[in-house]
Every structure is written in C-alpha cells, then in structure tokens.
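Here's the structure, in structure tokens; my notes come after.
The values are calculated or read from the model by the stated rules, or taken from the named source; none is laboratory data. In this text, all values refer to a predicted model and were calculated from it rather than measured experimentally. Here the Cβ is made from the backbone with ideal geometry for all residues, glycine too, and neighbour counts use every protein chain on show. Accessible surface areas use protein heavy atoms only, side chains included; no ligands, DNA or RNA. Shrake-Rupley method; radii C 1.70, N 1.55, O 1.52, S 1.80 Å.
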Amino acid sequence: MRERNCKMKNYIFDLYGTLVDIRTDETAPSLWKSMAYLFSMMGAFYTPDVLRRRYGELVEEETALELAAAGKRLNGGELSPEETEVQLSHVFERLLAEKGVKADQAQLGQIGMTFRSLSLEYIRLYEKVPKLLAGLRAEGKRLYVLSNAQRMFTEPEMRMLGIYDCFDGILYSSDAGVKKPSLRFFDTLFQKYGLKKEESVMIGNEYRADILGAQAYGIRSLYVHTAQSPERPAALPESCLELADIAQVAEKTKIP
C-alpha cells in the first residue's frame with residue numbers, strides 16, 4: 001500500500017477513538033453509588049463497594065466461561081483472554097439473580113444504558129466524521145464498523161450521534177464473543193457480508209487491535225493517531241498508511 005494508493009470498495013472502521021471521541025470513568029464512586037441505588041430499587045440490595053467488587057469478579061468469571069466455550073467451538077483451538085469478549089448483560093443479570101431478582105432483556109438493556117450514561121464524561125463525533133462518511137457513501141463505497149464494544153452501550157450511542165444508519169454492516173465484539181485483534185472477529189465480518197480482502201481496508205486508531213489485526217488477517221489498513229490512542233508505534237507495517245487526520249481516508253485510498 002505504501003508503494004501505490006489503492007481504490008477500495010469496503011471501508012471498515014473502528015469506532016471509539018477513530019470516529020467517536022469518548023471518555024468514560026467506571027471507577028467513579030458516584031457511578032457505583034447510583035448503580036447501587038438502582039439495583040436496590042429493583043430489589044437487589046448492594047452497597048456501592050460490594051456492587052463494584054462483584055461486578056469485577058463476574059466479568060472475570062464470564063471471561064473464563066467464554067474462553068472455555070470458545071475452546072469447544074474451535075475443537076480445542078486457543079483463544080486468549082485479550083481476544084475474548086463477554087456480554088455485560090449476562091453480568092448484570094447475574095448481579096440481580098444473586099439477590100433473587102429476575103429481569104427481562106428490556107430491563108437489562110435499561111440497566112446497561114444507565115450504567116453507561118453514568119460513566120460517561122463526554123461523547124462526540126470527531127469534527128470531520130460526518131462529511132467523511134457522507135462523501136464515501138456518495139461515491140458508492142460500502143461502510144462497516146468492527147468495534148470492540150458492547151451492543152447494549154454502543155448501538156444507542158451510534159443512534160444518538162446520528163451515524164447508525166451510515167453503515168452497511170456493524171459487528172460488535174459482544175455479539176461475536178471475540179474482539180480485535182482476533183482473526184476470528186475479522187473473519188466473522190467478512191463472512192457475514194461477503195467481503196473480499198483485496199477490496200477492503202481497515203481504519204483505526206489502535207496499533208495492536210486495528211493495524212496488527214488487519215495485517216495478520218491480510219488486509220490493508222489506515223492508522224490515525226488520536227488522543228484516545230495508546231502510545232504511537234515506532235513503525236507501521238508495509239500494508240498500512242498513517243493519516244494526519246480522519247478526513248484523509250478517501251484521499252489515501254484512491255489511485256492518483
């Protein structure tokens with residue numbers, strides 16, 4: 001890709017830190033105090049400290065369960081904890097069940113949105129994202145999201161930000177049970193939507209998850225360093241180009 005710009009048909013975007021600027025704080029005492037009130041109002045009585053501790057423990061337990069289940073699905077194949085994703089709805093369901101309370105999916109969804117909204121410090125699109133997405137769609141490009149994210153948080157946020165309907169396909173790690181940089185996560189997207197590797201490019205702000213994941217899967221990538229990115233890599237793979245900002249996506253994937 002460094003030798004020649006290539007015209008792409010399928011643009012696969014990471015979400016948080018790439019298209020969406022976000023900051024959350026799940027350690028804030030106010031979050032756990034409010035969530036403890038919510039659970040107690042539903043009949044599941046927790047103190048904030050106990051609720052926070054049990055939440056963390058159950059996330060670890062669900063990760064272990066998902067690892068074991070993945071091993072069976074893969075006939076003994078390995079999946080690392082880094083690649084494993086849990087559904088937080090199961091965690092919230094278990095927190096209620098431990099206190100003898102049952103909840104339906106609608107209630108669990110409301111708990112999830114409450115948890116997320118209380119942990120949010122801010123959320124917004126990067127400035128040039130709406131124009132970029134509109135421009136790519138006007139050119140007939142196919143747009144996808146491949147995000148390490150919980151559907152119960154992310155789908156409402158994408159709708160709120162007005163970008164949910166901009167995409168031809170969306171895959172959340174919570175639905176797939178795996179996350180980037182897992183090759184299985186990439187392959188699930190490609191198989192679901194019938195994408196071809198030579199026509200596809202991954203755009204992301206995380207070197208390991210997005211760029212190395214794309215390289216291992218055999219597709220090109222574009223790296224954009226944002227305030228949400230981990231430390232900038234010393235070097236990028238030959239299959240990757242760096243963007244000065246997100247607006248350069250279209251420019252970097254056209255043949256001059």
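Yes/no per residue for (1) in a helix (DSSP H, G or I); (2) within 23 Å of Ile219 (Cα to Cα); (3) in contact with a Gly (Cβ under 6 Å, 6 or more places away or on another chain):
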site: Gln110; (1), (2), (3): yes, no, no
site: Leu118; (1), (2), (3): yes, no, no
site: Tyr122; (1), (2), (3): no, no, no
site: Gly140; (1), (2), (3): no, yes, no
site: Tyr144; (1), (2), (3): no, yes, yes
site: Met158; (1), (2), (3): yes, no, no
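Any residue in region 218-228 that is among the aromatic types (Phe, Trp, Tyr) and touching a residue at least 60 places away in the same chain (Cβ under 8 Å)? Scanning region 218-228, I find no residue that is among the aromatic types (Phe, Trp, Tyr) and touching a residue at least 60 places away in the same chain (Cβ under 8 Å), so the answer is no. For region 80-103, filtered to residues that are buried (at least 18 other Cβ atoms within 10 Å of the Cβ) and among the hydroxyl-bearing types (Ser, Thr, Tyr), the residue that is farthest from Gly177 (Cα to Cα) is Ser89. Restricting attention to region 11-52, the residues that are touching a Leu at 6+ places or on another chain (Cβ under 8 Å) and assigned to a helix (DSSP H, G or I) total 8. In this structure, does Leu133 turn out to be open to solvent by less than 60 Å² (accessible area, probe 1.4 Å), outside any helix (DSSP H, G or I), out of contact with any Pro (no Cβ under 7 Å at 6 or more places or on another chain) and in contact (Cβ under 8 Å) with a residue 12 or more places away in the chain? In short, no. Evaluating Arg232 against the criteria (1) under 13 Å from the mean Cα position of the chain (by Cα); (2) of a type outside the set (A, V, I, L, M); (3) open to solvent by 20 Å² or more (accessible area, probe 1.4 Å) leaves one unmet condition, (1). In the condition set (1) part of a helix (DSSP H, G or I); (2) over 25 Å from the mean Cα position of the chain (by Cα); (3) surrounded by fewer than 17 Cβ atoms within 10 Å (Cβ to Cβ), Ala69 is compliant with all but (2).
On the basis of being assigned to a helix (DSSP H, G or I) and touching a residue at least 12 places away in the same chain (Cβ under 8 Å), does Ile211 make the cut? Against the criterion (assigned to a helix (DSSP H, G or I) and touching a residue at least 12 places away in the same chain (Cβ under 8 Å)), Ile211 qualifies. Restricting Ile219, Ile203, Ile211, Ile246 to those that are under 16 Å from Ser147 (Cβ atoms) and over 17 Å from the mean Cα position of the chain (by Cα) reduces the list to Ile246.
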